Amino acid sequence: MSIWGHTKDGVAVPIYTLKSAQIEVRVMAYGAKLVSIRTPDSSGKMADVVLGYDSLDEYLNDNSTHFGSIVGRYGNRIAGGKFSIDGKSYQIPINNGKNALHGGPMGFDRNVWDAKEVPNGVEFTLVSPDGDMGFPGKMTAKVKYTLAGSTLRLDYSATSDKPTVVNLTNHAYFNLRGDDVGTILDEKLELNADKFTPVNADLIPLGPLAPVAGTPLDFRKPEVVGARINSDHEQIKLGGGYDHNFVVNGNSGTLRVAAVMTDPESGRRMTVETTEPGVQFYTGNFLDGTFTGRHGVKYVKHTGFCLETQHFPDSPNQPSFPSTVLRPGVTRHSTTTFTFTTVKGE
């Protein structure tokens with residue numbers, strides 16, 4: 001552990017390095033962010049496969065990308081920023097068109113979390129006061145990063161003293177060729193999902209689940225990300241690419257494969273497993289070159305992809321979706337793992 005810098009309010013921000021024989025991971029207390037993952041390609045060459053910056057100040061000055069952050073209280077969108085629990089209505093600040101996104105303008109990613117070292121990793125804790133960004137209840141959120149071999153594991157938990165909603169996820173952007181090497185359009189994705197949640201023009205789910213079969217959102221077999229990203233399909237046009245929640249096959253609450261992304265050029269492969277019911281596949285459609293990352297590379301459209309394991313967007317307003325309501329006396333747990341391997345001849 002070392003102190004990477006200080007916030008504008010003078011709060012010290014520690015950064016931690018986790019190492020195994022295979023990979024090296026860095027995480028920091030500001031936003032409980034995943035700062036970097038260095039992993040070898042099929043010839044053993046190391047590269048960072050997570051988009052990010054060289055300094056804390058650059059993270060502090062980026063209020064839009066959420067690079068590497070733990071987002072909350074509610075990751076993804078809530079329509080109109082409004083929801084109700086037990087007949088009582090709540091309003092979250094609007095920060096994404098007509099909607100609230102990732103917990104509002106001062107979400108969990110804009111806070112310095114408490115940190116403590118644990119075996120093979122670090123655990124971050126954030127206490128969010130009652131009324132924080134309009135959410136009810138004093139919530140205690142924890143995320144533990146641990147590294148074993150080639151697998152980075154994230155264990156989340158949350159408790160609240162009043163009924164509230166919670167949807168925690170990590171918003172890392174990956175590029176398996178390396179964080180300074182072009183776009184992710186040539187990488188190949190396989191999603192363990194027969195269905196997705198179609199969205200409207202505001203990227204809010206319409207409600208009913210839809211089959212991926214016969215659409216550009218069918219990744220049940222490995223498909224090149226860029227092959228259909230400019231399709232005329234309505235859902236692709238609405239998202240400006242992929243920005244959709246997929247319903248992970250299997251039983252929610254059990255750790256199962258959600259996605260496998262492979263870069264044919266480098267041979268790097270990332271397998272994502274989760275206990276969550278969904279995963280948001282996002283292809284960096286809103287990256288526009290505004291931010292310059294490590295190596296002086298401008299992060300343009302499709303420079304990185306996200307696989308955000310999660311409950312479904314707008315679940316507080318969608319009674320048919322798995323519930324995100326958290327009640328006093330209950331601890332919400334979830335686990336997601338990222339495993340890095342290499343393949344040849346893809």
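Every read-out reported here was derived from the displayed coordinates using simple, explicitly stated rules and does not represent laboratory data. Bear in mind that the values here come from a model prediction, so they are computed numbers and not experimental data. Quick reminder, even Gly has a Cβ in these numbers, built from the backbone with ideal geometry, and neighbours come from all protein chains shown.
Observations on the structure shown:
- By the rule of a C-alpha distance below 30 Å, with chain neighbours fewer than 8 residues away ignored, the lysines paired with LYS298 are LYS8, LYS19, LYS33, LYS45, LYS98, LYS188, LYS237, LYS344.
- Cα gyration tensor shape for the stretch 2-52, rounded if a/c is under 1.5, else prolate or oblate: prolate
- Shape call, the stretch 213-285: gyration tensor on alpha carbons, a/c limit 1.5: oblate
- Per-residue HN-Hα couplings for the stretch 213-221 [Karplus 6.51, -1.76, 1.60; θ = phi - 60°; Hz; x = Gly/Pro]: 4, x, 10, x, 9, 8, 10, 5, 10
- For VAL300, the residues whose modelled amide H falls within less than 5 Å of its own, excluding neighbours fewer than 5 places apart on the same chain, are GLY289.
- Burial order of peptide ranges 81-88, 305-312 (average beta-carbon count within 10 Å, highest first): 305-312, 81-88
- The separation of the stretch 60-81 from the stretch 216-243, counted between C-alpha centres, amounts to 23 Å.
- Alpha-carbon centroids, the stretch 187-209 and the stretch 94-158: separation in whole Å: 24 Å
- Ellipticity estimate at 222 nm from DSSP helix runs (n ≥ 4, -39,500 (n - 2.57)) divided over the chain, nearest 500: -500 deg cm²/dmol
- For the stretch 15-32, the Karplus equation 6.51 cos²θ - 1.76 cosθ + 1.60, evaluated at θ = phi - 60°, returns couplings of 10, 10, 10, 10, 10, 10, 5, 9, 9, 10, 10, 10, 9, 10, 6, 6, x, 6 Hz by residue, with Gly and Pro reported as x.
- Packing around the peptides 139-150, 98-109, 35-46, taken as the average count of other Cβ atoms within 10 Å per residue, puts them in this order, highest first: 98-109, 139-150, 35-46.
- Cα-projected label distance for ALA201 with PHE286, points at 7 Å along beta-carbon direction, nm: 1.8 nm
- Here the spin labels are modelled as points 7 Å beyond Cα on the Cα-Cβ line, and at LYS45 and MET106 they lie 4.6 nm apart.
- Taking a ≥ b ≥ c as the square roots of the eigenvalues of the alpha-carbon gyration tensor, the stretch 164-221 is classed oblate because a/c is 1.5 or more while a/b is no larger than b/c.
- In plain terms, the bigger the Kirkwood radius, the slower the diffusion; for the stretch 11-151, with that radius from Cα pairs, at 10 °C and 1.306 mPa s, Stokes-Einstein puts D at 97 µm²/s.
- FRET efficiency for SER55 and LYS301, using Cβ-Cβ distance with R0 set to 22 Å, rounded to 0.05: 0.35
- Taking 7 Å steps out from each Cα toward its Cβ at LYS8 and LEU209 produces label points 4.3 nm apart.
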